[in-house]
Amino acid sequence: MNDQTSRAQSGKSNKKVAIACTCLFVSMIGAAYAAVPLYNLFCRATGFGGTTQVADQASDRVIDRVVTIRFDGNVNHTLPWSFKPEHREIKIKMGETAQMNYLAVNKGSRKTVGTSVFNVTPLEAGAYFNKLQCFCFTEQALEPGQTVEMPVIFFVDPEMDNDPELKNVREITLSYTFFPVDEPEKPVAARAEEPAAETKL
């Protein structure tokens, strides 16, 4: 009788431990998913890790300090594109709006969709590098053999001149890498039609 009671109590304890572990696992998964957008938001707000900023309007102030902006373009080996800037570098004043076009060519035999990740170096400069327009904001689809110009319009916030850590920085590198998109984003209209299509089945 004592053995049966002991086994029953042990079974209950094991079940409680299993439930607790399951809850902990689910919580960790949820926290991981929540951490991604929070981390991205933090990077956009602070420029952490070389993440650039998005601006609604051009700078209202231009100062005499000049910086050289270098441009870099890369493609993941699984995406059959070539991708490079029209010019490797330009010189601009802080606060001055500039534009650079990247050239992308689909060398594959079928339509492919790519999405780009980007950063600037030195990493601390990300907090002052503002984009007004960029191909990196959306996915890009290229037909076989198609060549497209992909513009990025930007400025360097003059406030960078007041940052003691960046006081001696004369060059900033803007780098992009394109990756293939397995499931391209659907147009809004197509997404809206999906429930209607399901109800007809």
Next item on the list: Just need the relative contact order of segment 85-150 here, percent rounded to a whole number, with Cα pairs under 8 Å and 6+ apart.
Entry: 45
Checklist line | Neighbourhood charge, 13 Å Cβ-Cβ cut-off, centred on ASP60 and excluding it, Lys, Arg +1 and Asp, Glu -1 | finding: -3
Item checked: Inter-label distance, nm, simple model (7 Å from Cα along the C-beta direction), THR173/GLN57 -> 3.5
Check: Which stretch or stretches of segment 85-124 have amide N atoms under 15 Å from the point lying 7 Å from VAL148's Cα along the Cα→Cβ direction?
Finding: 101-108, 110-117
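Provide the per residue accessible area, probe 1.4 Å, for segment 93-144, rounded to a whole number of square angstrom.
Roughly 45 Å² per residue, with all protein chains present.
The values are calculated or read from the model by the stated rules, or taken from the named source; none is laboratory data. Nothing here was measured: the structure is a model prediction, and the numbers come from that model. Neighbour counts run over all protein chains shown; Cβ positions are idealised from the backbone, glycine included. SASA here: full protein model, heavy atoms, side chains in, ligands and nucleic acids out. Shrake-Rupley method; radii C 1.70, N 1.55, O 1.52, S 1.80 Å.
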